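Nothing in this text is a laboratory measurement; each read-out follows from the coordinates by a stated rule. Just so we're clear, the structure is a prediction, and the values are computed from it rather than from any experiment. Using ideal geometry, Cβ is built from the backbone for each residue, glycine included, and neighbour counts are taken over all protein chains shown.
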Ligand code: BMA
């Protein structure tokens, strides 16, 4: 049986539109980080108008969150990209600064990777609109790599794009380059549609632990699940291992019914001192769930093999020829003449 490594919290969904101080239809896909002894959540809020914007909620215990009364002091849109809808914030602390990398959508101009930073979650400063149109699921690594900011993202602007994850570097957060592909959707697995970062990569002794989402098409729409991969510490474009099994999937009503059914979608992973990882996730683009598991189990999932996966010869999962049967042992006549 497939091992379940993340437990869904018994109080799920831990946050819904009913908790919002104003009028909202859906609350989902939060970025979460620890700040000044609190859990600080920045969640997608779908308004009664149409667009999605971000709003903060706070918690002492990481389970019971209360929304701020006042709206987020989000910076004015950049005139080059008049964003009218912002969503899926991934919050990375680098030094004393917190970078929020999010999907910046402008009706008619497309979706781009936006970066805003703050030191106190009171005042926010725009860093850049950091991609061309047709890119989202951006996330910054939590430290500079090779002397530069480093990010993952998912370009999808060109119909020929593989819908896979890419890596880019920047000296300042504004100018991005040295872009290269990291991983693509995989034929025959849970992530055969589109993939994208699901959390700020976690530095481990084995490499960067990367929790990501993947989609599968069905007759009734797309299923969003989460899985894990291990990227090389020095060169995160190199994939060292990648889970065959998804580690989180929609199974309960609050994940299977809503604005977009059959979705678990995450922007964060908080590693606690005892090694437990808390993943806050959007469920059905409607509410927020919490799933918890030990970091060692998530690391192990990157390397695990599914015993039920069909591995036809010629498929990427083919594990090699079965060992040949041991040769039949033929008893040799003794060199010594049998004594008479
Ligand atoms: C993705 C993003 C997410 C959303 C998901 C499922 O493309 O837009 O914000 O949760 O689709 O609808």
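For residue 321 and residue 143, the FRET efficiency from 1/(1 + (r/R0)^6), where r spans their Cβ atoms and R0 equals 56 Å, is about 0.80. Counting only Cα atoms, the stretch 242-318 measures 43, 35, 17 Å along its principal axes, largest extent leading. Among 308, 280, 87, the largest mean-square fluctuation in a Gaussian network model of the chain (Cα springs under 10 Å) belongs to 308.
Write down Rg/Rh for the stretch 1-115, rounded to two decimals, with Rg from the C-alpha atoms and Rh from the Kirkwood relation over Cα pairs.
Ratio of gyration radius to Kirkwood radius: 1.00.
Counting only Cα atoms, the size of the stretch 11-303 along its three principal axes is 45, 42, 42 Å, in decreasing order.
Short to long, the 5 Å bins of the Cα pair-distance histogram for the stretch 144-238 hold 3, 13, 22, 24, 18, 11, 6, 2, 1, 0 percent of all pairs.
Place a point 7 Å from Cα of residue 206 in the direction of its Cβ. Which residues in the stretch 229-251 have their backbone N less than 18 Å from it? Counting only backbone N, you get 229-248.
Would you please give the FRET efficiency between residue 80 and residue 259, computed as 1/(1 + (r/R0)^6) with r the Cβ-Cβ distance and R0 = 45 Å, to the nearest 0.05? Once rounded, the FRET efficiency stands at 0.90. Separation of the stretch 1-57 and the stretch 65-128, taken as the distance between their Cα centroids, equals 16 angstrom. Taking 162, 315, 104 as the candidate residues, the one with maximal mean-square fluctuation in a Gaussian network model of the chain, Cα springs under 10 Å, is 315.
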